[in-house]
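In what follows, a single structure is set out as structure tokens and then discussed.
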Amino acid sequence: MKFIEEVATYRGPMPMVELTRRNLEGLLEKLDDPNSVRTLIDPDGEIAVKAVEDDEHYKTRPAGDMFTNGRFV
């Protein structure tokens with residue numbers, strides 16, 4: 001995991017956290033582990049990324065559109 005200060009996006013500059021496939025797979029595994037705090041912390045201890053189930057995250061609002069591989073999912 002790496003924090004990138006600010007990157008240009010179609011919506012303008014914004015902060016970004018870069019997650020590797022390894023990071024993403026680790027977070028998914030943490031969702032299935034009842035003893036996990038479900039969090040990855042960068043080596044400098046400055047950024048934390050938490051895994052949350054869809055039902056918990058979207059309980060008060062609908063999920064937004066995601067565009068990947070040339071289509072909305």
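Could you look through the stretch 36-72, keep only residues that are of a type in the set (Lys, Arg) and either exposed (fewer than 10 other Cβ atoms within 10 Å of the Cβ) or in a loop (DSSP other than H, G, I, E, B) (or both), and pick out the one that is modelled with the lowest pLDDT? Reasoning before the result, please.
Applying the first criterion (of a type in the set (Lys, Arg)) to the stretch 36-72 yields 38, 50, 59, 61, 71.
Now drop any that are not either exposed (fewer than 10 other Cβ atoms within 10 Å of the Cβ) or in a loop (DSSP other than H, G, I, E, B) (or both), which leaves 38, 59, 61, 71.
Numbers: ARG38: 94, LYS59: 94, ARG61: 93, ARG71: 89.
My answer is ARG71.
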Look through the stretch 5-24, keep the residues that are more than 15 Å from THR39 (Cα to Cα) and of a type in the set (A, V, I, L, M, F, W, C), and return whichever of them is surrounded by the most Cβ atoms within 10 Å (Cβ to Cβ).
MET16
Just the residues that are assigned to a helix (DSSP H, G or I), touching a residue at least 12 places away in the same chain (Cβ under 8 Å) and within 22 Å of PHE67 (Cβ to Cβ), please, taken from the stretch 1-35.
ASN23, LEU27, LEU28
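The values are calculated or read from the model by the stated rules, or taken from the named source; none is laboratory data. Being a predicted model, the structure only gives us computed values, none of them experimental. Backbone-built Cβ (ideal geometry, glycine too); neighbour counts: all protein chains shown.
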